[in-house]
């Protein structure tokens, strides 16, 4: 415990320095799940600020401009521009509105209301009109011109996860996650979920240049099961005590003690990352278990994290307009005391194994306007041999030794943090048929 406290203090000091900060992936074996997320958030706050286009071509003498980081209040309302969520302008990390342009501001959920020092009447949803700089007006509910960042909610808005009538791969259900404003459901991401195996096949969401800068220092909420894990405390399934017991039931206690350690354990691995969303409201809505799967923590903090951050930065820099499909495939295996490989699940319901530990995690980035896409794949098992992971690589690696992917900083040969490779979409589909059948003409680089 003393070592951890000391190490944490050192890391805090490192974060404060303008140079010499270790990349988060370099600390994959050092930090706990929560401590890693704290470090990553602080590190990204510095890195994204360096890369943000702060010289966007806005006429600062007219209209309103708000910075994603620094000008928005908490607990944050939901912002809508027309029928869509409000977004920054390009990769600037800034939101610009023209004079007279209107934003719908809402605090969804029972008993939640908009708060402001200049509030004239109690409302939970209202229209704010751009005046200039950071000032907006609100007819009938605000006294005079007021700072947009002063608009907050009485408590965090209530996001929702709802099963839809849609179906995805193998007739599994589609779940949408977002907010209801003015009786309309506004979706941030969707999940393809196997209710029998309690397995998230994939989630999908839009990512473009506006996602390049996200709000930092957003408090993480508790994870939510929604209504999709009936009769099971899914959060407890992920605890190290229960995951070790589940693994021991499959491979034996002595082997489980070797596999689940202080540095190698299974984390609640986001599919749609918290940092993939710009606003605090959407980030908090990412903490559903229908957006997670068991990841070995160094994998989560290692090559998977590098892929998340590098891909988002590349999309922001290149101006791609993509749909990201992030998913899981297969069941990872560990050896029992006799050397036999056994499939690993974290729960058993009668004769049905549930909550599989995935063999593969993948991200498919697809830009429909260009008909270009690439599949990024990582193997979620630190205990395979080099020969075993190479045999599990099911396509020619298109990223390796390819200068077009020099923006990707992962260490693909590191088994302990996730052996990784890239596929063309047709090669990916030959093994993993989850995602919709869209047309693709080449790699998205």
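Remarks
- Put simply, of 227, 254 the only residue that is over 13 Å from the mean Cα position of the chain (by Cα) and either without any contact (Cβ under 8 Å) to a residue 12 or more places away in the chain or within 19 Å of residue 187 (Cβ to Cβ) (or both) is 227.
- Among the candidates 377, 389, residue that is outside any loop (DSSP other than H, G, I, E, B), touching a helix residue (DSSP H, G or I) at 6+ places or on another chain (Cβ under 6 Å), in the same structural domain as residue 298 (by TED's automatic domain parsing) and under 26 Å from residue 268 (Cβ atoms): 389
- Condition broken by residue 261, with the remaining ones in (1) in a loop (DSSP other than H, G, I, E, B); (2) in contact (Cβ under 8 Å) with a residue 12 or more places away in the chain satisfied: (2)
- Residue in segment 214-232 that is more than 23 Å from residue 327 (Cβ to Cβ), assigned to a helix (DSSP H, G or I) and not assigned by TED's automatic domain parsing to the domain that holds residue 33 present: no
- Total residues in segment 87-101, condition at pLDDT 95 or above and more than 19 Å from the chain's Cα centre (by Cα): 8
- Selection count where residues are touching a residue at least 40 places away in the same chain (Cβ under 8 Å) and farther than 30 Å from residue 48 by Cα, scope segment 306-361: 22
- Counting only residues that are in contact with a helix residue (DSSP H, G or I) (Cβ under 7 Å, 6 or more places away or on another chain) and surrounded by fewer than 22 Cβ atoms within 10 Å (Cβ to Cβ), segment 75-115 holds 2 of them.
- Output for segment 336-355, where each listed residue is surrounded by 16 or more Cβ atoms within 10 Å (Cβ to Cβ) and part of a strand (DSSP E or B): 342, 345, 346, 347, 353, 354, 355
Yes or no, residue by residue, for (1) surrounded by fewer than 18 Cβ atoms within 10 Å (Cβ to Cβ); (2) touching a residue at least 24 places away in the same chain (Cβ under 8 Å); (3) touching a helix residue (DSSP H, G or I) at 6+ places or on another chain (Cβ under 7 Å):
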{"residue": "382", "(1), (2), (3)": "no, yes, yes"}
{"residue": "403", "(1), (2), (3)": "yes, no, no"}
{"residue": "416", "(1), (2), (3)": "no, yes, yes"}
{"residue": "444", "(1), (2), (3)": "no, yes, no"}
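- Condition check for residue 256: crowded, with 19+ Cβ neighbours inside 10 Å and over 30 Å from residue 157 (Cα atoms): yes
- The numbered conditions (1) within 30 Å of residue 76 (Cα to Cα); (2) touching a helix residue (DSSP H, G or I) at 6+ places or on another chain (Cβ under 9 Å); (3) surrounded by fewer than 22 Cβ atoms within 10 Å (Cβ to Cβ) are all true for residue 185 except (2).
- Failed item in (1) in contact (Cβ under 8 Å) with a residue 60 or more places away in the chain; (2) closer than 21 Å to residue 215 by Cα; (3) not in a strand (DSSP E or B), with residue 298 passing the rest: (2)
- Taken over segment 202-224, the criterion of being over 14 Å from the mean Cα position of the chain (by Cα) and modelled with pLDDT under 95 is satisfied by 217, 219.
The values are calculated or read from the model by the stated rules, or taken from the named source; none is laboratory data. Predicted, not measured: the structure shown is a model, and the values here were computed from it. In this analysis, Cβ positions are derived from the backbone assuming ideal geometry, glycine residues included, and neighbour counts consider all displayed protein chains.
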